[in-house]
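The values are calculated or read from the model by the stated rules, or taken from the named source; none is laboratory data. Because the structure is a prediction, the values reported are computed rather than measured. All Cβ positions, glycine included, derive from the backbone under ideal geometry; neighbour counts span all protein chains shown.
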Ligand code: PGA
């Protein structure tokens, strides 16, 4: 007989029991998007390395996602600092005639440890489908890059009450296709599209509730044991002023920051608020 599906309440009880014993180190990722060429990126990387040296970022794990040309120089500049460098996107194939694309082995060789997949700007502006996001996630894992799977609903979907259905669809397109090791390496970022770059962050209540839902979907489509330690980050207009309230959510393990990650001082204030 198939097992009855895990209820929300059952999983929540299980998670609360385990979570109390395993509070994770917050992860703060700066997504530099198409900002900062090699020289500006190196300046910011040096400033971040200096912050790390002074202890301003103690108690948080940090990653930055520079544009492709800056990946290698920034990863060299940050070597040994504890800050990891990740890509902003990846092509599913390891190599080939795909003008303009960059593969997972290339990201690895450039010093990356992870990569964003399915960022809403890729989905909306570059046509990344759920299937493409799945292929990119699998390619990342194949190359030992940890995937940061971005999910989130648009304003129309939010207003129509479809946020959970959209996030569930985006997760279901990927998570059931991962093996146990892949789920272990997975990071999920909930980024409601209406909150990205708009100055209108989701409320801490919306964030925590959706993160709990993300964990439940992963518990169902992988295993509850895999969903409990899953890092679930929030992204969308995170600043030094709202990061602490957002991070207070029990299900919130970190933040994915765009605009406010482009300056060392605002990035540092988010790191301080996150711990
Ligand atoms: P934002 O971007 O912080 O500028 O809203 C977040 C993101 O797109 O990851």
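Quick notes on this one:
- Qualifying residue in segment 106-116 (condition: away from the ligand (no atom under 16 Å from the Cβ), part of a strand (DSSP E or B) and either touching a residue at least 24 places away in the same chain (Cβ under 8 Å) or touching a helix residue (DSSP H, G or I) at 6+ places or on another chain (Cβ under 9 Å) (or both)): no
- Filtered residues of segment 184-232 (kept if outside any helix (DSSP H, G or I), more than 9 Å from the ligand (Cβ to nearest atom) and either touching a helix residue (DSSP H, G or I) at 6+ places or on another chain (Cβ under 6 Å) or modelled with pLDDT of 95 or more (or both)): 186, 187, 188, 190, 192, 202, 203, 222, 228, 230, 231, 232
- Taken together, 241, 253 contain a single residue that is at pLDDT 95 or above, more than 22 Å from residue 153 (Cα to Cα) and more than 12 Å from the ligand (Cβ to nearest atom), which is 241.
- Of the helices (runs of 4 or more DSSP H) entirely within segment 1-101, those holding at least 1 residues that are within 16 Å of the ligand (Cβ to nearest atom) and either farther than 18 Å from residue 266 by Cβ or at pLDDT 95 or above (or both) occupy 38-53.
- Among the criteria (1) without any contact (Cβ under 8 Å) to a residue 24 or more places away in the chain; (2) touching a strand residue (DSSP E or B) at 6+ places or on another chain (Cβ under 6 Å), the one residue 13 does not fulfil is (2).
- Among the residues making up segment 256-269, those that are within 21 Å of residue 34 (Cα to Cα) and either assigned to a strand (DSSP E or B) or within 15 Å of the ligand (Cβ to nearest atom) (or both) are 256, 257, 258, 259, 260, 261, 262, 263, 266, 267.
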